[in-house]
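The values are calculated or read from the model by the stated rules, or taken from the named source; none is laboratory data. Everything numeric here is computed off the predicted structure, so don't read it as measured data. Heads up, the Cβs are rebuilt from the backbone with ideal geometry, glycines too, and the neighbour counts pull from every protein chain shown. Surface accessibility is based on the protein's heavy atoms, side chains included, excluding ligands, DNA and RNA. Shrake-Rupley method; radii C 1.70, N 1.55, O 1.52, S 1.80 Å.
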Amino acid sequence: MSRIDDTFADLRRRNHRALIPYMMVGYPDYESTKNIIRGMISGGADVIELGFPFSDPLADGPTIQRAATTSLHNGTTLSTYYDVLDYIRDLTEIPLICMTYSNIAYNIGYEGFVSGLQKHGADGIILPDMPIDESEEYRYTASKYNMDTIFLASPNSTDSRCASIIEASNGFLYLVAVYGTTGTQTGVQRYAIDALCRIKRMSGNLPVGVGFGVRTSEDVRTYIKNGADAIIVGSAILNMVHGASSGMEAAIHRYVSTLKKSTTAVV
């Protein structure tokens, strides 16, 4: 079992669900990234998703695009990213997930990409543009290093497509809760609930996480009430960070803590 599997198992025993905040490494700058991550950890994050910037982030809306652009302008490299992973590993053993795009992994080479992340303490990878049908080599390499491969499904994914995504995924399946990119819609949509219930019936023991557009404690409670095993929050956090001049660690701690409290209200 992976560290992600262990975390979900422990949360189930305690009748909790996972809160997974997202942060773009190098945004708004290197030191601020570390402050924000400390706030996430102290606020009760169960898993942290760490973005590595890419110049053409197709799945991401304006908020995360802005963060990626800033991070690239700040000179974020894999070495920088590894430093942040090492920094977090000195603070906590909670699972860490790398979120980036397939071109990054392909250009480095799957072996170097996956082994480098594993060496510095990462537990899983999200490549939102990785086609399932072309992922065999990537998944083989990831399994060799006990790295979970987390794939995305959307509300309009057919049952047969969802079955393929479930088969390819380890750790959890990531359900995109809105049509479009991250941060472009907020609030819980009826079609997202329908998709969540449908995929939960198919997923067996594989947890299902819900992300895109999650912002409030009420959003968290609604998804958990309808069967979500994890809630991913990204754009809402980056919007808090944007333009903030001080106090980010404390603000993120308060926000994450508030959301985390809502993950205990399992119906």
Given +1 on the Cβ of Lys and Arg, -1 on the Cβ of Asp and Glu, and no further charges, what dipole in debye does the chain carry about its Cα centre, rounded to the nearest 20?
1060
Top to bottom by accessible area (1.4 Å), largest first, where do 253, 73 land?
73, 253
Expected 222 nm ellipticity per residue - DSSP helices of 4 or more, -39500 (n - 2.57), all of the chain, to 500
-15000 deg cm²/dmol
DSSP bridge orientation in the stretch 67-218 - percent antiparallel, rounded to nearest 5:
0
So, taking all protein chains as they sit and a 1.4 Å probe, how much accessible area belongs to residue 12, in Å² rounded to tens?
120
Residue-wise HN-Hα coupling along the stretch 233-239, computed from phi with Karplus coefficients 6.51, -1.76, 1.60 (Hz; x: Gly, Pro)
10, x, 4, 4, 5, 5, 5
Could you compute how much accessible surface residue 188 exposes when probed at 1.4 Å, giving the result in Å² to the nearest 10?
50
Would you kindly derive the ³J(HN,Hα) couplings of the stretch 221-228 from the backbone phi angles with the Karplus curve 6.51 cos²θ - 1.76 cosθ + 1.60 (θ = phi - 60°), listing them in order in whole Hz, with x for Gly and Pro?
4, 5, 5, 5, 4, 9, x, 5
Charge dipole (the stretch 85-215, unit charges on Cβ, about Cα centre) - positive-most of 166, 149, 122
166
For residue 173, other-chain or 5+-apart residues with amide H closer than 5 Å (H placed, Pro excluded) are 208, 209
So, over other residues within a Cβ distance under 13 Å of residue 9, counting Lys, Arg +1 and Asp, Glu -1, the net charge is 0
Identify which of the listed values of percent of Cα pairs over 32 Å apart was calculated from the structure shown: (1) 29; (2) 14; (3) 17.
(2)
Heavy-atom accessible area per residue - the chain, 1.4 Å, Å²:
41
In nm, to one decimal, how far is the modelled label at residue 242 from the one at residue 72, with both set 7 Å along Cα→Cβ?
1.7
Dipole size in debye (nearest 20) for the stretch 29-78 around its Cα centre, Lys and Arg Cβ +1, Asp and Glu Cβ -1?
120
Let me cross-check residue 158: its accessible surface, 1.4 Å probe, with only protein heavy atoms counted, in Å² to the nearest 10?
80
Just need the relative contact order of the chain here, percent rounded to a whole number, with Cα pairs under 8 Å and 6+ apart.
25
Could you sort 197, 98 by accessible area so the largest value comes first, with the probe set to 1.4 Å?
197, 98
